[in-house]
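Report on the structure given below.
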Amino acid sequence: MLRLFLPGRHGPGERIRIAGAARRPLRSLRLGPGDRFLVFDAEGNEHEVQLERLDGHHAEASILATRRPARESGLELVLAPALLKGAKMDLVVEKATELGVRRIAPVVCRHGLGQGTRTERWRRIALAAAKQCGRTVVPTIDDPQPLAALVRLPWPGLRLLAWEEERERPLAALPAHAAAVVLVV
């Protein structure tokens, strides 16, 4: 079933207006008045809606039912990958979204290969991946920042830095449970 994302908060019985890029799938799938599809919002709610009107500029639909599915992980996972070259970073954003990461905080490193920031593109990729995999929350994509700035932020929970030469503290020594984890790769 078609899933669209509409920012903001929506409720049962409300009429919603769909415009811009969110309207395109309605046209391409040739939906018409009476057809039903799903809309999820920024609050993590998923709404079953019925299309009432579709014209060249916008569509209108009414919310039939609202639910808050429990699809999100209880782990507040922040992934902080080093910037990668070309489409590799796009793939990291897509797969991290599909796996349930809540926030992606790209890191600019001294030896990193990635150049330039494509934050808006990564946000679009995360949104598309969230729609495709059934998530009700789109992960936050931060602007890239240096590692020194990232580690100074007041992140809650466990902080992990992947390093291939770690010898003193194996993964088995980490706590068995954590509510929040920041993983720098």
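The values are calculated or read from the model by the stated rules, or taken from the named source; none is laboratory data. Here the structure is a predicted model, which is why all the values come from computation and not from measurement. Every residue, glycine as well, gets a Cβ built from its backbone with ideal geometry; the counts of neighbours run over all protein chains shown. Heavy atoms of the whole protein, side chains included, go into the accessibility calculation; ligands, DNA and RNA do not. Shrake-Rupley method; radii C 1.70, N 1.55, O 1.52, S 1.80 Å.
Angle between the Cα long axis of helix 87-99 and the longest principal axis of the chain, 0 to 90 degrees, nearest 10?
So the inclination is approximately 70 degrees.
Consider the candidate values (1) 58; (2) 49; (3) 45; state which one is percent of Cα pairs over 21 Å apart computed from the structure displayed.
Checking each listed value against the structure points to (1).
Normalised by the residues of the chain, what does the relative contact order come to in percent, with Cα pairs under 8 Å and at least six apart? Mind showing how you got there, number by number?
On the way: 339 pairs, mean separation 37.6, N = 185.
It comes to 20 percent, rounded to a whole number.
For every helix of n ≥ 4 consecutive DSSP H residues, a contribution of -39,500 (n - 2.57) applies; sum these over the chain, divide by its total residues, and give [θ] at 222 nm rounded to the nearest 500 deg cm²/dmol. Please report the intermediate quantities before stating the final value.
On the way: 4 runs with 39 residues, N = 185.
Helix-only estimate at 222 nm: -6000 deg cm²/dmol.
Under a 5 Å amide H to amide H cut-off, with H placed in plane at 1.01 Å, what residues pair with CYS109 once short-range neighbours are removed?
It is LEU83, by chain and number.
Ignoring ligands, DNA and RNA, what accessible area per residue does the range 3-64 give at 1.4 Å, in Å²? The partial results should precede the final answer.
Values: 3160 Å² over 62 residues.
Using a 1.4 Å probe on heavy atoms only, each residue of the range 3-64 averages 51 Å².
Could you compute how much accessible surface LEU54 exposes when probed at 1.4 Å, giving the result in Å² to the nearest 10?
It works out to around 40 Å².
Quick one: pull the percent of accessible area on the chain belonging to carbon and sulfur, 1.4 Å probe, ligands and nucleic acids left out. If you can, show how the numbers build up before the last one.
Numbers: 6090 of 11050 Å².
So the carbon and sulfur contribution to the accessible surface is 55 percent.
Within the range 1-98, which chymotrypsin sites (Phe, Trp or Tyr not before Pro) sit in a loop by DSSP and count at most 11 neighbouring Cβ atoms inside 10 Å?
Qualifying residues, ordered by number: none.
Starting from the Cα-Cα distance between ARG110 and GLN132, subtract it from 0.36 nm times their residue separation and give me the gain in nm to one decimal. The partial results should precede the final answer.
Values: separation 22, 0.36 × 22 = 7.92 nm, distance 3.45 nm.
Value of the extension gain: 4.5 nm.
For the chain, what is the percent of antiparallel DSSP beta bridges, rounded to the nearest 5?
Working: 18 of 38 bridges.
DSSP beta bridges in the chain are roughly 45 percent antiparallel.
Once the Cβ-Cβ distance between LEU174 and ALA42 is put in as r, and R0 is 25 Å, what FRET efficiency do you end up with, to the nearest 0.05? Let's see the in-between values first.
Values: r = 33 Å, r/R0 = 1.31.
With R0 = 25 Å, the Cβ-Cβ based efficiency is 0.15.
For LYS131, list the aspartates and glutamates whose Cα falls under 15 Å from its own Cα; do not include residues on the same chain fewer than 8 positions away.
Straight-distance partners of LYS131: ASP41, GLU43, GLU46, GLU48, GLU72, GLU94, GLU98.
Using only Cα atoms, tell me the angle between helix 119-133 and the longest principal axis of the chain; keep it within 0 to 90° and round to the nearest 10.
Approximately 70 degrees, to the nearest ten.
Treat each spin label as a single point 7 Å out from the Cα along the C-beta direction, and report the ARG71 to LEU153 distance in nm.
So the label points at ARG71 and LEU153 sit 2.5 nm apart.
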